[in-house]
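Read the structure below first, then the notes.
The values are calculated or read from the model by the stated rules, or taken from the named source; none is laboratory data. In this text the structure is predicted, and so the values were computed from the model without any measurement. Don't worry about glycine lacking a Cβ; one is built from the backbone with ideal geometry, like all the others, and counts go over all protein chains shown.
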Amino acid sequence: MCASMKPSMKRILLIILAVLFSAIAGITLIVLRPGDTSPSCQAYYAGMKNPPAAALAWCQAGEYFSWESVLPENADFEALSIFHVCQGNPDDPAILMIHGYPTSSFDYVELVQALSEDHYVCALDTPGYGFSDKPKDGYEYSIFDDARLVDVYIRDVAGLDEFTLLTHDKGDSVGLALLQIYQAYIEKPYTINHHVITNGNIYLPLAQLTRGQKALLNPTSGPILSSLLNGTMLASGIAEQVFAQPLPQSEIDAYASIFDYQDGVKVQHAIIKYLNERAKNEVAWLQTLASSDIPTTIIWGELDAVAPLAVPDDVWGKYLENRETPATYWRIPCADHYLQVDEPALIANILRTTLSNDPATVAIEGVACQAVRIHPSP
């Protein structure tokens, strides 16, 4: 019986080896696949037969400017091409929007459309994101460097004399680091009229990071996972986890194409390390917020499982509720982490109410639900 089993065992072994070989070969092809190296999003989409319409339109609405990191670790890298969009009448009140991880200014497409009727709205992609350059080979991505970039952008590119600052997710950290730069100015080159903070893990001990985020952040698994991802995988993953309603395939395709621009999935481990920088500096950043003389508004989607309500509740109670400068806290029951995608019209109405200094309004009707003002400070 043993002799008769040998050929069968050999066949099984050969099958296993063949499967392993195919898997290794497939992984090798994925890791070594040629990535996009387009110099601009316009060139990138020009080479596509059927580019996603929404992403293409956002690309065509924007422009590039050149910026160089001041970090010593990046001294050997050339200046980067940074993508930005400004829409509306420059004479109208300005709003500057800073995006989160792992997406880009594209998150704000519908909100920009809703606000640009009576506001001048600008947004940019920080390095490693969206249509901005995504350097590899050891480039050091940094929240502080992003804040310096935004400071330069405000002064020298967008030319904003005064504006409302609106941030989301990782952009919340960039905004708080920018606030430190702003407070350090003896003579301020611009004025931040209002600071609006939306869903993001601004206090990590209360965060609920996904398994994917933890794997990408891990120094062992992160680089491997980044090398195996593609834009469709990443876009499909976030589409299932952080939006109140399933995204249509056209929108998933748009996000995927933006992730694939300059092979952006390969920098995911490098850019998610902002969480480590966040952990080291978050208390100092929140203390900066507490001492800020800029009126501040928190707007939060209640369905968020990654940055749950415990996060804004804690920040409100410890740093905003009892400070001297006014602050307000709004919740949206029907919105998830990407509240600006879930409820852009409702966000626009909250902003208009807030910026008009209307203290009487405590609820605003939206299509799917009502936004409620939880806490106005004295």
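Just one of the listed residues (272, 252, 298, 294) is touching a residue at least 12 places away in the same chain (Cβ under 8 Å) and more than 30 Å from residue 370 (Cα to Cα), and it is 272. Residues of the stretch 195-241 being free of Cβ contacts under 8 Å to residues at least 60 places away in the same chain and farther than 22 Å from residue 130 by Cα, which ones? Those that are free of Cβ contacts under 8 Å to residues at least 60 places away in the same chain and farther than 22 Å from residue 130 by Cα: 205, 211, 218, 219, 220, 221. In the condition set (1) of a type in the set (Ser, Thr, Tyr); (2) in a helix (DSSP H, G or I); (3) in contact with a His (Cβ under 6 Å, 6 or more places away or on another chain), residue 329 is compliant with all but (2). Scanning the stretch 39-91 for residues that are over 21 Å from the mean Cα position of the chain (by Cα) and buried (at least 17 other Cβ atoms within 10 Å of the Cβ) yields 44, 45, 51, 74, 77, 88.
State whether one or more residues within the stretch 269-291 are in contact with a Pro (Cβ under 8 Å, 6 or more places away or on another chain), outside any strand (DSSP E or B), within 30 Å of residue 214 (Cβ to Cβ) and among the β-branched types (Val, Ile, Thr). Yes. The sole residue among 205, 223 that is surrounded by fewer than 14 Cβ atoms within 10 Å (Cβ to Cβ) and at pLDDT 95 or above is 205. Looking at residue 291, is it at pLDDT 95 or above, more than 30 Å from residue 134 (Cβ to Cβ) and of a type in the set (Gly, Ala, Ser)? Answer is yes for this residue. Residue pairs whose Cβ atoms lie under 9 Å apart, sitting 6 or more positions apart in sequence or on different chains, and linking a residue in the stretch 67-90 that is over 17 Å from residue 129 (Cα atoms) to a partner that is among the aromatic types (Phe, Trp, Tyr) and assigned to a strand (DSSP E or B), are 86/120; 87/120; 88/120; 89/120; 90/120. Listed by position, the strands (runs of 3 or more DSSP E) inside the stretch 35-134 whose residues that are touching a His at 6+ places or on another chain (Cβ under 9 Å) and closer than 23 Å to residue 177 by Cα number at least 3 are 94-98, 120-124.
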